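**Student:** This is the structure, below, for whatever I ask next.
The values are calculated or read from the model by the stated rules, or taken from the named source; none is laboratory data. Values in this document were obtained by computation on a predicted structure and should not be read as measured data. Note that we place each Cβ from the backbone using ideal geometry, even for glycine, and neighbour counts take in every protein chain shown.
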Amino acid sequence: MVETPGRRIMALLGAIAVGFALFAVWPGLDLWVTAQFYDPAQGFSAADSGWPDLLRLAIWRVSELVLVMSVGALVFGLVRRRDVMGMPRHVWGLIVALYIAGPGLLVDLVLKPLWGRARPANVMEFGGTLDFTPPYQIAAECTRNCSFVSGEVSGAVALAVSMMLILAQVRDRMGRTVHRIAVVIVLAMPVLIAVQRIAAGRHFLSDAIFAVLFTLLVAALLDAALGPKGWMTAWWGRR
């Protein structure tokens, strides 16, 4: 079966529906996972300090660098009417659009303020004063920079998608082994960010899962709307 942007969109919508159903059936899953990192006497075992936080900040800076580089490549490509680093202008444009539409608009301007979900460290189960709410429930426990969904996980997914596209252009010059190692590192970044944010009491498991799914959905929608031949599909087909 040939994978197309439309099939990918339907698959992601299905995964989002299954995710909401899972947390509806097992609403305590978020609390159980978070409890594995919480000590009533000491708080969260991996608060925002130490090497895990330094790694998180490093990945965030790389994500910012990739966005700035993509904006520059897009502007240069449009002005000079040529590809940049072997990548067509529309691919650079799609990377920029993904950052803006995913972590920027959908996550920070829509989901976080709309859902109003308190962060783990702020709910009563983990020493806070606010009520825990499941991911399928819109609440009023938070007014700004809320928990659902994780902005940093969304940014890491946008980074991973962007880096996959860039790696696809240079794989022949990297060699198969080096390319595979690079792919593993890129795919590990969203996972590392998600684990750190959960362990630090900044996000629930569902915040991370839905950040991944919603950001990939934005990428797939941009693929279908702006990619002339489906750039993600074309990349996947080259593997």
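**Student:** Please find, among LEU187, LEU159, LEU192, the residue that is buried (at least 20 other Cβ atoms within 10 Å of the Cβ) and within 16 Å of SER63 (Cβ to Cβ). Don't jump to the end; show me each part of the working.
**Tutor:** Numbers: LEU187 fails: buried (at least 20 other Cβ atoms within 10 Å of the Cβ); LEU192 fails: buried (at least 20 other Cβ atoms within 10 Å of the Cβ).
So the residue among LEU187, LEU159, LEU192 that is buried (at least 20 other Cβ atoms within 10 Å of the Cβ) and within 16 Å of SER63 (Cβ to Cβ) is LEU159.
**Student:** Of the residues ILE95, ILE100, only one is farther than 19 Å from ARG144 by Cβ, at pLDDT 95 or above and either of a type outside the set (S, T, N, Q) or in a helix (DSSP H, G or I) (or both); which? Reasoning before the result, please.
**Tutor:** On the way: ILE95 fails: at pLDDT 95 or above.
Only one candidate passes the filter, namely ILE100.
**Student:** Going by the structure shown, is LEU65 of a type outside the set (D, E, K, R), farther than 26 Å from GLY128 by Cα and surrounded by 18 or more Cβ atoms within 10 Å (Cβ to Cβ)? I'd like the intermediate steps shown before the answer.
**Tutor:** Numbers: of a type outside the set (D, E, K, R): yes; farther than 26 Å from GLY128 by Cα: yes; surrounded by 18 or more Cβ atoms within 10 Å (Cβ to Cβ): no.
No.
**Student:** If you check ALA160, ALA234, which single one turns out to be modelled with pLDDT of 95 or more and not charged (D, E, K, R)?
**Tutor:** Result of the check over ALA160, ALA234: ALA160.
**Student:** Would you be able to say whether some residue in segment 82-97 is of a type in the set (Gly, Ala, Ser) and touching a Phe, Trp or Tyr at 6+ places or on another chain (Cβ under 7 Å)? Explain how you work it out, then say what you get.
**Tutor:** The initial filter retains those residues of segment 82-97 that are of a type in the set (Gly, Ala, Ser), namely 86, 93, 97.
Filter again for touching a Phe, Trp or Tyr at 6+ places or on another chain (Cβ under 7 Å), leaving none.
No, segment 82-97 has no match at all.
**Student:** Same structure, new question: Somewhere in segment 165-172, is a residue modelled with pLDDT under 95 and within 25 Å of MET10 (Cα to Cα)?
**Tutor:** Of the residues in segment 165-172, the ones modelled with pLDDT under 95 are 165-172.
So of that shortlist, the ones also within 25 Å of MET10 (Cα to Cα) come out as 165, 168.
Yes: segment 165-172 contains one or more residues that are modelled with pLDDT under 95 and within 25 Å of MET10 (Cα to Cα).
**Student:** Identify the single condition in (1) at positive phi; (2) buried (at least 18 other Cβ atoms within 10 Å of the Cβ) that GLY43 does not satisfy, given that it satisfies every other one.
**Tutor:** (2)
**Student:** I've got another one for you. Limited to segment 8-37, what total is found for residues that are at pLDDT 95 or above and touching a helix residue (DSSP H, G or I) at 6+ places or on another chain (Cβ under 8 Å)?
**Tutor:** 13
**Student:** OK, next. Could you check segment 122-157 and list, in sequence order, the residues that are touching a strand residue (DSSP E or B) at 6+ places or on another chain (Cβ under 6 Å), of a type outside the set (Asp, Glu) and either part of a helix (DSSP H, G or I) or touching a residue at least 24 places away in the same chain (Cβ under 8 Å) (or both)?
**Tutor:** Here is the first cut: in segment 122-157, the ones touching a strand residue (DSSP E or B) at 6+ places or on another chain (Cβ under 6 Å) are 122-123, 126, 130, 132, 141.
Within this subset, residues satisfying the condition of being of a type outside the set (Asp, Glu) are 122-123, 126, 130, 132.
ASN122, PHE126, PHE132 - these are the residues of segment 122-157 that are touching a strand residue (DSSP E or B) at 6+ places or on another chain (Cβ under 6 Å), of a type outside the set (Asp, Glu) and either part of a helix (DSSP H, G or I) or touching a residue at least 24 places away in the same chain (Cβ under 8 Å) (or both).
**Student:** Taking the criterion of being outside any helix (DSSP H, G or I) and touching a Ser or Thr at 6+ places or on another chain (Cβ under 9 Å), would at least one residue in segment 65-80 satisfy it? Give the steps one after another, and end with the answer.
**Tutor:** Residues of segment 65-80 that are outside any helix (DSSP H, G or I), as a first pass: none.
Within segment 65-80, none of the residues are outside any helix (DSSP H, G or I) and touching a Ser or Thr at 6+ places or on another chain (Cβ under 9 Å).
**Student:** Looking at (1) surrounded by fewer than 19 Cβ atoms within 10 Å (Cβ to Cβ); (2) touching a Pro at 6+ places or on another chain (Cβ under 9 Å); (3) of a type outside the set (Lys, Arg), which is the one condition that is false for SER147?
**Tutor:** SER147 satisfies all of (1) surrounded by fewer than 19 Cβ atoms within 10 Å (Cβ to Cβ); (2) touching a Pro at 6+ places or on another chain (Cβ under 9 Å); (3) of a type outside the set (Lys, Arg) except (1).
**Student:** Going through segment 103-121 one residue at a time, which ones are touching a residue at least 12 places away in the same chain (Cβ under 8 Å) and in a helix (DSSP H, G or I)? Step through it out loud before you land on a result.
**Tutor:** As a first pass, look at segment 103-121 and keep what is touching a residue at least 12 places away in the same chain (Cβ under 8 Å): 103, 106-108, 111-121.
Of everything in segment 103-121, those that are touching a residue at least 12 places away in the same chain (Cβ under 8 Å) and in a helix (DSSP H, G or I) turn out to be PRO103, LEU106, VAL107, ASP108, LEU111, LYS112, PRO113, LEU114, TRP115, PRO120, ALA121.
**Student:** Is there a residue being of a type in the set (D, E, K, R), within 26 Å of ILE166 (Cα to Cα) and assigned to a helix (DSSP H, G or I) anywhere in segment 19-35?
**Tutor:** Within segment 19-35, the first condition is being of a type in the set (D, E, K, R), and the residues that meet it are 30.
Next, only the ones that are within 26 Å of ILE166 (Cα to Cα) stay: none.
The answer is no, given that none of the residues of segment 19-35 is of a type in the set (D, E, K, R), within 26 Å of ILE166 (Cα to Cα) and assigned to a helix (DSSP H, G or I).
**Student:** So, one more: Need the failing condition index for GLY86 against (1) on the phi < 0 side of the Ramachandran plot; (2) surrounded by 11 or more Cβ atoms within 10 Å (Cβ to Cβ), just the number.
**Tutor:** (1)
**Student:** Of everything in segment 68-83 that's of a type in the set (A, V, I, L, M) and surrounded by 14 or more Cβ atoms within 10 Å (Cβ to Cβ), which residue is farthest from LEU226 (Cα to Cα)? Spell out the reasoning first.
**Tutor:** Here is the first cut: in segment 68-83, the ones of a type in the set (A, V, I, L, M) are 68-69, 71, 73-75, 78-79.
Among the residues that remain, those that are also surrounded by 14 or more Cβ atoms within 10 Å (Cβ to Cβ) are: 69, 71, 73-75.
On the way: MET69: 20, VAL71: 16, ALA73: 17, LEU74: 14, VAL75: 17 Å.
The residue in question is MET69.
**Student:** Shifting gears a bit: Out of curiosity, is VAL186 touching a helix residue (DSSP H, G or I) at 6+ places or on another chain (Cβ under 8 Å) and at pLDDT 95 or above?
**Tutor:** Numbers: touching a helix residue (DSSP H, G or I) at 6+ places or on another chain (Cβ under 8 Å): yes; at pLDDT 95 or above: yes.
Here the answer is yes, as VAL186 does meet what is asked.
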